[in-house]
Each structure stands twice: as structure tokens, then as C-alpha cells.
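Notes follow once the structure below has been shown.
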Amino acid sequence: MTENILVTGGTGVLGRHVVDRLAKAGHPARVLSRTRGPHIGDLKTGAGLGLALDGVDTVIHLASDPRDASADVEAARRLIALTPPKTHLVYVSIVGVDRHPYTYYRHKHEVERLIESSGLPYTVLRTTQFHNLLVLMLGKLAKSKVLPVPAGTAFQPVEVTEVAERLVELALGTPAGRVPDMGGPEIASAAELARTYLRVTGGRGLVIPLPIPGRIAAAFRRGVHLAPDHPDGRGTFTDFVSVAAGRSGYEAGAEGR
């Protein structure tokens, strides 16, 4: 069967699920890798990208690195420049990137703009934070007897597998431009999420909401990153922690948000 879909970031937290669901749907994907596999390519240098893109009609761009957000923009430029015309480019972004001062979010928005002006048929899906990221953060905090969390800040975490399902649906459909945001089923304060984490995992600790100064914290308090009109997810944070409680170690991954 022809592999006509290329997935960047296909080994990440989200990418693994996307690749798996594509295969189950009868659409095995090429997974771009810098070091292994038949489709070796480097988004940072462009090496091997042309060959990896040869013959594809859909690219699902998931690769991202919050530690070097500016590199994401350059990687997107290289990917767009080498992507064949008429190829459907699918991109996952984050709710509120056009209104948030957080540097990583600003760069995600810049990638959105590059895609929109590329001339390629595209689909962009913005989602809220994944459960994985919050569990990673709370797991680290729970090692102490005191869990400081940002006061007045809420989150709307979404199940990564459900985001993967939506992305596969979009990738197999026609280009739709910017589609409606996707959020988790519940909005809860950081303190509520921390207490839920402790209760479900059997942990002990004192949750202390702390006021955080600065523009970034203020944007989170305003709920710029929330999608209250799109509680599309089904799996709750409690559900996720309950399943993950027996595992050791949590990985946010490159696109953990």
C-alpha cells in the first residue's frame, strides 16, 4: 500500500497515536526521522526532506520543540518550501496563540501564518493542553510536600488520543483552513487539578495557589488558552490520571503544550 502521508513528529506523544490511527484506517504513514527508518530528513537543515516528501499528498506537521521555539518557524519555512504543490498540509496548534504573549505560543502563531500564506491547501487545528503535560508538571511538584500552583488560573486539558482521532479525520478529509478549536470536556482551576492528582494517585501534599506576576501569567488568568465553547473531548483529567497512576514516569513530549 502506498504511503502517501508524511508525519513529522511521528514519534512524539501525539505523533505516535496519529501514526497508529492512520495505519488502522488503512493509511500507513511515512514517519520523518533524523536518524532512522526509510524516511530520514532533518527539519532543522532541510537535509533529506525533499526525498521524504516525494510522492506524498498529505503532510501532518506535528514536530515542535518548546525549548527552541524559533527553530520551529524556520523548520516550517523549510517544510513549506519543499512540500509539493497541492499537498494538503495539516498543522496542530494551540488555542489562543494569536492572543498570548508566551514566546512558544507566539512562534506557533507565526507558523500558522506561514502556512496560511503558503499557497498550499491546509488545515489548522488548535487544541487546549494535553493531560500528559499537566500530569508531568504535577508529578514533579508532588515530590515535595508543598505544591505551588498559579492562583486564578484554569485549564481545559484534552485527551491526546482524541486529538489524534480528530487530526486523522481532518487529514483524510479535504483541506478546511482553520477549523474550530478543540478543548477538553471540563475547565478546572490549577488547584483543583492538583488536588485531583493527589487524590487519585494517593499522594500527599499541601496545594497552595500563588499569585504569579507578569504578562504571561496574566494571559493564563484571563483564560486565553481555553476553549469554553468547544468542550469536545470525552476523557476527563480524572480518567487520565486514574489510568496513568500505575505507570512510572510521565513524558510531555515535544508537543505536550
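Readers should treat all values here as calculations from the given coordinates under stated rules, not as data from a laboratory. All values reported here derive from a predicted model rather than from experimental measurement. Don't worry about glycine lacking a Cβ; one is built from the backbone with ideal geometry, like all the others, and counts go over all protein chains shown.
Under the rule of at least 5 residues apart or a separate chain, name every residue whose amide H is placed under 5 Å from the amide H of Ile60. Sorted by chain and number, the residues that satisfy this are Leu6, Val7, Thr8, Val90.
Hand me the tally of lysine pairs in region 1-157: alpha carbons under 30 angstrom apart, and the pair either on different chains or 8 or more positions apart.
Here the count comes out as 6.
With a cut-off of 8 Å between alpha carbons and a minimum separation of six or more residues, what is the relative contact order of the chain in percent? Computed over the chain, the figure is 22 percent.
Quick one: dipole size for region 28-147, taken about the Cα centre, charges +1 on Lys/Arg Cβ and -1 on Asp/Glu Cβ, in debye to the nearest 20.
520
Counting only DSSP beta bridges with both residues in the chain, the antiparallel share comes to about 5 percent. Build a GNM of the chain with springs between Cα atoms under 10 Å apart, and of Arg67, Arg195, Arg126 the one that fluctuates most is Arg67. A Förster distance of 45 Å, applied to the separation of the beta-carbon atoms of Ile208 and Leu114, puts the FRET efficiency at 0.65. Each helix, a run of at least 4 DSSP H residues, gives -39500 (n - 2.57); summed and divided by the residues of the chain, these come to -11000 deg cm²/dmol at 222 nm.
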